[in-house]
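The structure under discussion appears below in the form of C-alpha cells.
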C-alpha cells in the first residue's frame with residue numbers, strides 16, 4: 001500500500017513539473033519515453049489554451065491570467081473538486097512564474113537606456129563657473145560643502161551640485177584660491193589637466209592656465225599633496241611652501257617659501273626684487289588682465305626692484321619707464337615699451 005502511495009506522489013510531482021515546463025515555454029515533454037499521457041494534464045493544457053495566452057514576459061499580466069483561470073474554473077462543471085484544487089495549485093505556480101518573468105525582463109532590458117539617462121542626469125547636476133577678464137572684480141563662490149573659492153579672470157571651475165560620499169572632486173582650468181572645509185573621511189581633490197591636488201586640511205592657491213608650461217601651487221595653511229598623473233610624480237607641500245610642476249620635463253620642484261606675488265591678483269599688491277622686466281610684465285598682465293609688450297629684446301632682461309600696493313596700472317608702467325629711461329604708450333587695451 002505504501003508503494004502505491006509513493007508512486008502516486010512521484011506521478012503527481014512529474015505532472016507538476018510538466019505543467020511548470022509547459023508554462024515556462026520549454027519544449028513539449030509529453031512524448032518522453034516512460035511518461036504516459038495524463039488526462040488531468042490534458043485538461044490543464046486545454047484550460048490554459050482556452051484562457052488565450054501565448055506566454056510572453058513582455059506582455060505578462062498576472063492579474064488578468066488569474067482572473068481568466070478563475071472564470072474557467074467556475075464555468076467548467078466537468079472538473080471535479082480534486083482537479084480544481086490542483087488547477088489552483090498550478091495556477092499559483094504560473095502566477096509566480098509570470099511575476100518572475102516580468103522582473104527578469106525589466107532587469108535585462110533596461111540598462112542601456114537607463115545608463116544614458118543617468119549619465120545625462122550626472123552631467124546636468126554639474127555646475128560650471130567661468131570668469132571673464134575683469135580686473136576690478138574677483139569671482140567668489142561657496143561650494144556645497146562650505147569650501148570657499150576665489151577665481152581669477154579667464155578661469156573655469158566645474159563642481160557637482162552636491163558632493164557624494166567618499167570624495168569631493170572639482171575640476172579647474174585657470175587660477176583659483178581655495179579655503180577648504182577639511183573632512184578627512186571625504187578628501188577634497190582639485191583635478192587639473194595633467195595633475196591633481198589633494199587637500200590635507202588647507203587653504204592654497206593653484207595656477208594652471210592652459211598653454212602655460214606648468215602648474216604652480218602655493219600653500220597658505222595646512223598641507224596638500226600634488227600628483228602628476230602620467231609620470232606618477234608627487235610631492236607634499238606644507239604651509240609656507242610652494243610647488244611647481246614643469247610639464248616639459250615632467251618634474252615637480254618644491255620650494256620652502258611662497259611665491260612673492262602668488263595672491264597679487266586678489267590683493268593688487270605686487271613686489272619685485274631684481275626681477276627681469278619680462279617676468280614683471282607677465283605678472284602685471286595676470287593681475288590687471290592687459291597685454292604688456294616691448295619692441296626691443298634687450299628690455300626683457302633688465303632687472304627691476306619695486307613694491308606696488310594697489311597702484312593704478314597706468315601709474316605703474318609710467319614709473320617703470322621713467323626708472324629705466326624707456327618710452328611707453330597705450331595701444332588698445334595694453335601697453336608697449338620701447339627704448340628712448
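All of the numbers you see were taken from the coordinates with simple rules; none came from a lab. Computed from a predicted model, the values in this text were never measured in an experiment. Here the Cβ is made from the backbone with ideal geometry for all residues, glycine too, and neighbour counts use every protein chain on show.
Descriptive notes on the structure:
- Listed peptides 241-247, 329-335, 185-191 by packing density, highest first (mean Cβ within 10 Å): 241-247, 185-191, 329-335
- Packing-based order for 212-218, 270-276, using average beta carbon neighbours within 10 Å, highest first: 212-218, 270-276
- Placing a label point 7 Å from the Cα of residue 132 along the Cα-to-Cβ direction, the residues of the range 283-324 whose backbone N falls under 17 Å of that point are 289-290.
- Centroid-to-centroid separation of the range 268-295 and the range 230-253 [C-alpha atoms, Å]: 24
- Sequence of 324, 289 once ranked by neighbouring C-beta atoms within 10 Å, starting from the fewest: 324, 289
- Each residue, residue 331 and residue 253, gets one label point 7 Å from its Cα in the Cβ direction; the gap between the two is 3.0 nm.
- Largest first and in whole Å, the equivalent-ellipsoid semi-axes of the range 194-340 read 32, 16, 13, each the square root of five times a Cα gyration tensor eigenvalue.
- Between residue 263 and residue 319, the simple spin-label model (points 7 angstrom out along Cα→Cβ) gives 2.1 nm.
- R0 of 22 Å, Cβ-Cβ distance residue 246-residue 156: FRET efficiency to nearest 0.05: 0.45
- Linear extension gain, residue 306 paired with residue 189, 0.36 nm per residue minus alpha-carbon span: 38.5 nm
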